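Enquirer: Sharing a structure, written as structure tokens. Questions coming.
The values are calculated or read from the model by the stated rules, or taken from the named source; none is laboratory data. All values derive from a computational prediction rather than experimental measurement. Here the Cβ positions follow ideal geometry from the backbone for every residue, glycine too, while neighbour counts run over all protein chains shown.
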Amino acid sequence: YLLLPNMGISQTEVDTDAIYGMQSRIRTLLPVMTEQSDYFSNYKLNLYRAECPLWDNDNAMCSSQGCAVDTLEENEVSDVWKRFSDVDPSSKKNETKCNWEHNSQLDYCYLDEVSSEQDCVFVSLVNNPERFTGYSGDHTAAIWRNIYEQNCFVVDDDESLKEKSRRESFYKPGMYPFQLSPKEDDILTISPSVASQEKRMLNKIISGFHASISSHICENYYDTNRNRWTRNLECWLAKVGNYPERIENIFFNYALLHQAFVRIADQLVEMENNSTSSFCPDNLAIDARTKLAFDNLAFIAQQDRKVIMSSKFFADEESQKFKETFRKHFHDVSRIMDCVGCDKCRLWGKLQITGYGTALKLLFEPETQLNDLRPSEIVALVNTFDRIAHSVQSSFWFQLRRRADLSVK
Ligand code: FAD
């Protein structure tokens, strides 16, 4: 069986066969980085004190144990991260990897390290895995609804209209008031055909991000009847598998992140390996290990340039003008992550949106250099790549399982 054509994946924008072939190499390296490296397995974010822009006094918090996050105590934080929290970023200007002069004009998302560093906590990503937490209902529906209705775009395209009509049958209007200034003006004044490729890209990134979260929920699902974690095919079909465009969007996001690593590899070549870049100058062993893994990932990605999306984004003057609107919408999605009422979901939601925002910055802001990225952006980028690679993998696994089930019947 050829899985991909049956999943209705369009061959025009991403080379899905290349992604399929590439998985094994990337998938071997990513877990080594995200699970075993001091640098990539921890994350720093404002988890508890950032304001939700959509509504005030919201008490709809997920109280289940599954939603809780264990933060790291001061003495548990690896030296790699401590160093970043102790030092004033402005004093790091001249260090190659730590040139943190922040240029918010280039950012696609809201960065806690910049806006509310004093409220940030450290978490171990390994000890707080993304999985089913039970967080659902009106609260999650209102968040997803706001993201799609206020931040995605109407495009001259039947597929997105079909998706919209499905959503309309699900949402109950007026469940939560939205206080974020609605972008209806944008939506009405920008004709659906202007920069439609870029608008479709934003819609795809959001839908792929959502489908990827859904994949992780269904791959790590808690079966209360048997009291164990399991893979849940019905869950995956209901949330992802019955909608080929959602699977396609997972592949699209994989290609986007892959392409960001190709750009990093190109920069590493330009730097001719003579840079003094450093992840952890205080500990040379950690530093060398982290740098080696990161550079390897970028160079493996570079060897598979076929994964690159064939379309060119922001290529003409009209779409260049539209970039600011695109950035504003993505930026607002990143702020909405602070409305998520389950700590663990908020952690992974914020991390992954930061990962996509970092990829967009690398790909569409040519002046962005690897050295300009903050540690939280680099860690988010690597972990988001790992998450989406998992989702690609689980779409194959669930498809096979479904076929096996059908053949038994
Ligand atoms: P939802 O996933 O809530 O989707 C709502 C509606 O959006 C659907 O009915 C459909 O019309 C539309 N839709 C769904 N998927 C797509 C797509 N890919 N593209 C376009 N439209 C789509 N729960 C956990 O258990 N663990 C987590 O880690 C977790 N993280 C979350 C992170 C964020 C940022 C948010 C907002 C929620 C998170 N949740 C998490 C909750 C989870 O995403 C679902 O909302 C919840 O499981 C309820 O799912 P549902 O089947 O009702 O539909």
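Enquirer: Find the residue count for segment 190-222, including only residues that are among the small types (Gly, Ala, Ser) and touching a strand residue (DSSP E or B) at 6+ places or on another chain (Cβ under 7 Å). Full working, then the answer.
Expert: The first filter runs over segment 190-222 and keeps only residues among the small types (Gly, Ala, Ser), leaving 191, 193, 195-196, 207-208, 211-212, 214-215.
Next, only the ones that are touching a strand residue (DSSP E or B) at 6+ places or on another chain (Cβ under 7 Å) stay: none.
Counting residues in segment 190-222 that are among the small types (Gly, Ala, Ser) and touching a strand residue (DSSP E or B) at 6+ places or on another chain (Cβ under 7 Å) gives 0.
Enquirer: So, one more: Being modelled with pLDDT of 95 or more and away from the ligand (no atom under 14 Å from the Cβ) is the filter here, so list the residues in segment 125-161 that pass it.
Expert: Hits for segment 125-161 are VAL126, ASN127.
Enquirer: Mind telling me which of the residues ARG387, ARG401 ends up being of a type in the set (D, E, K, R), assigned to a helix (DSSP H, G or I) and over 26 Å from ASP266 (Cβ atoms)? Before the answer, list the steps.
Expert: On the way: ARG387 fails: over 26 Å from ASP266 (Cβ atoms).
Sole residue among the options that is of a type in the set (D, E, K, R), assigned to a helix (DSSP H, G or I) and over 26 Å from ASP266 (Cβ atoms): ARG401.
Enquirer: Return the residue satisfying two criteria in turn: it lies in segment 221-270 and is among the β-branched types (Val, Ile, Thr) and crowded, with 19+ Cβ neighbours inside 10 Å, and of such residues it is nearest to the ligand (Cβ to nearest atom).
Expert: Pass one, segment 221-270, residues among the β-branched types (Val, Ile, Thr): 224, 230, 240, 247, 250, 262, 264, 269.
Checking which are crowded, with 19+ Cβ neighbours inside 10 Å leaves us with 240, 247, 250, 262, 264.
Values: VAL240: 7, ILE247: 9, ILE250: 8, VAL262: 25, ILE264: 26 Å.
Applying the filter and picking the extreme gives VAL240.
Residue by residue, here is whether (1) touching a Leu at 6+ places or on another chain (Cβ under 8 Å); (2) at pLDDT 90 or above; (3) in a helix (DSSP H, G or I) holds:
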{"site": "ASN225", "(1), (2), (3)": "no, yes, no"}
{"site": "GLU234", "(1), (2), (3)": "no, yes, yes"}
{"site": "LEU237", "(1), (2), (3)": "no, yes, yes"}
{"site": "ILE250", "(1), (2), (3)": "no, yes, yes"}
{"site": "LEU256", "(1), (2), (3)": "yes, yes, yes"}
{"site": "PHE261", "(1), (2), (3)": "yes, yes, yes"}
{"site": "ILE264", "(1), (2), (3)": "yes, yes, yes"}
{"site": "ASN274", "(1), (2), (3)": "no, no, no"}
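Enquirer: Take the residues of segment 182-211 that are assigned to a helix (DSSP H, G or I) and hydroxyl-bearing (Ser, Thr, Tyr): which is modelled with the highest pLDDT? First the steps, then the outcome.
Expert: Filtering segment 182-211 for residues assigned to a helix (DSSP H, G or I) gives 184-189, 196-211.
The next check asks that each one be hydroxyl-bearing (Ser, Thr, Tyr); those that pass are 189, 196, 207.
Values: THR189: 51, SER196: 83, SER207: 94.
Checking each candidate, the answer is SER207.
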